[in-house]
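What follows is a short report on a single structure.
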Amino acid sequence: MESKQPSPIDLLVEAHTGLERQGPGCAEETGRALAFLGDLDLIANAADLGCGTGAQTLLLAQHLKGSVVGLDLFPAFVDVLNGQACEQGVADRVRGVVGSMDDLPFQRESLDLIWSEGAIDNIGFEKGLAYWRGFLKQGGYVAVTCPSWLTDERPAVIERFWTDAGSRLDSVASNIEALQRCGYQFVAAFALPETCWTDEYFTPREAALEGLLRNYPGNETVEAFVADNRHEVELYQEYKQHYGYVFYLGRKR
Ligand code: SAM
């Protein structure tokens, strides 16, 4: 019988589908960001881009009375969101759709809120904010987390790691300038605490990685995938004072 040969993308999806979060973040910090948005009852239509399995999408739905569309590239993640929306009795207001955040299925100027945790760096902070602005109503809010430099010192090993991952880190100040250049009024920015990386993400992910090693004994692709993920944790432990995820909030001018 042929042995299974998963690709790195298959492994990424398999390792993350059972996790609460697919990147650093937590309910408390999602709530902290929501508190900057004024009267939440005025938000009729929201989108959560790069929603993963939708932990924060469902939190948005708990706080808002309007509808929330979660969008992600991977059908397996979107299926989890739609299943949980049914279980929680909010499927009439929460819908997961498969799609790409650089080709949105919304009408222009139709959204009151665009949310995105841990995902905008896949298309670039400024490019994403500029493109998404067209889908917001005047006065609509954007709230995103993005990995950012927290100090002037920028260790080359971290720069390389994020570049290899297809992302680019900028300072908080230059991201705020980019947000303003894109036509938003700056509302707030704050860094996520370390526990959002460790307890909320790395610890459950490590358990999933152990599961992959058990499911694919001796598979070199799996071993390399697990080693890459563990390398990310080691880098974070050594250099965490220099970078982190930052929540940025803006309002369409
Ligand atoms: N927002 C979730 C969270 O905070 O747990 C997931 C964050 S995870 C770090 C990034 C997510 O972005 C993944 O679910 C991934 O599938 C999604 N993603 C990456 N590129 C995307 C794209 N071009 N369009 C839509 N989703 C994308």
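Taking the range 35-53 on its own, how many of its residues are acidic (Asp, Glu) and either surrounded by fewer than 20 Cβ atoms within 10 Å (Cβ to Cβ) or farther than 14 Å from LEU111 by Cβ (or both)? Don't jump to the end; show me each part of the working.
Of the range 35-53, the ones acidic (Asp, Glu) are 39, 41, 48.
Narrowing the set further to residues that are either surrounded by fewer than 20 Cβ atoms within 10 Å (Cβ to Cβ) or farther than 14 Å from LEU111 by Cβ (or both) leaves 39, 41.
Total meeting the criteria: 2.
Which residues, counting only those in the range 112-133, are more than 10 Å from the ligand (Cβ to nearest atom) and open to solvent by 10 Å² or more (accessible area, probe 1.4 Å)? I'd like the intermediate steps shown before the answer.
Just the residues of the range 112-133 that are more than 10 Å from the ligand (Cβ to nearest atom), to begin with: 112-114, 124-127, 129-133.
Of everything in the range 112-133, those that are more than 10 Å from the ligand (Cβ to nearest atom) and open to solvent by 10 Å² or more (accessible area, probe 1.4 Å) turn out to be ASP112, GLY124, PHE125, GLU126, LYS127, ALA130, TYR131, ARG133.
For the range 137-161, name all the residues that are hydrophobic (A, V, I, L, M, F, W, C) and over 30 Å from LEU37 (Cα atoms).
Within the range 137-161, ALA156, VAL157, ILE158, PHE161 qualify.
Just name the residue that is farthest from ALA227 (Cα to Cα) out of those in the range 200-214 that are touching a helix residue (DSSP H, G or I) at 6+ places or on another chain (Cβ under 8 Å) and open to solvent by 20 Å² or more (accessible area, probe 1.4 Å).
So the residue we want is ALA208.
Quick grid of which residues meet (1) modelled with pLDDT of 95 or more; (2) among the small types (Gly, Ala, Ser); (3) part of a strand (DSSP E or B):
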| position | (1), (2), (3) |
| --- | --- |
| GLY128 | yes, yes, no |
| LYS137 | yes, no, yes |
| ARG168 | no, no, no |
| PHE186 | yes, no, yes |
| ALA189 | yes, yes, yes |
| TRP197 | yes, no, no |
| GLY211 | yes, yes, no |
| VAL222 | yes, no, no |
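Conditions first: (1) in contact with an Asp or Glu (Cβ under 6 Å, 6 or more places away or on another chain); (2) touching a residue at least 60 places away in the same chain (Cβ under 8 Å); (3) outside any loop (DSSP other than H, G, I, E, B). GLY25 passes all but one, so which condition is the exception?
(3)
Suppose we filter the range 1-44 for residues that are away from the ligand (no atom under 13 Å from the Cβ), of a type in the set (Gly, Ala, Ser) and within 23 Å of VAL142 (Cα to Cα); how many remain?
Residues flagged as away from the ligand (no atom under 13 Å from the Cβ), of a type in the set (Gly, Ala, Ser) and within 23 Å of VAL142 (Cα to Cα) within the range 1-44 amount to 4.
Considering the range 71-111 alone, what residues qualify as being under 24 Å from PRO8 (Cβ atoms), open to solvent by 50 Å² or more (accessible area, probe 1.4 Å) and of a type in the set (Asp, Glu)?
Scanning the range 71-111 gives ASP79, ASP102, ASP103.
If the requirement is being assigned to a helix (DSSP H, G or I) and within 12 Å of the ligand (Cβ to nearest atom), which of these qualifies: ALA47, ALA76?
Going through ALA47, ALA76 in turn, the sole match is ALA76.
What are the residues in the range 50-73 that are part of a loop (DSSP other than H, G, I, E, B) and either near the ligand (Cβ under 6 Å from one of its atoms) or in contact with a Phe, Trp or Tyr (Cβ under 8 Å, 6 or more places away or on another chain) (or both), if any?
GLY50, CYS51, GLY52, THR53, GLY54, LEU73
What tally of residues in the range 140-165 results from selecting those that are open to solvent by 20 Å² or more (accessible area, probe 1.4 Å) and small (Gly, Ala, Ser)? Show your work before the answer.
Within the range 140-165, the subset open to solvent by 20 Å² or more (accessible area, probe 1.4 Å) is 141, 150-154, 156-157, 159-161, 163-165.
So of that shortlist, the ones also small (Gly, Ala, Ser) come out as 156, 165.
Summing the residues that are open to solvent by 20 Å² or more (accessible area, probe 1.4 Å) and small (Gly, Ala, Ser) in the range 140-165 gives 2.
The values are calculated or read from the model by the stated rules, or taken from the named source; none is laboratory data. Just so we're clear, the structure is a prediction, and the values are computed from it rather than from any experiment. Glycine also receives a Cβ, built like all others from the backbone with ideal geometry; neighbour counts cover every protein chain displayed. Only protein heavy atoms, including side chains, enter the accessible area calculation; ligands, DNA and RNA are left aside. Shrake-Rupley method; radii C 1.70, N 1.55, O 1.52, S 1.80 Å.
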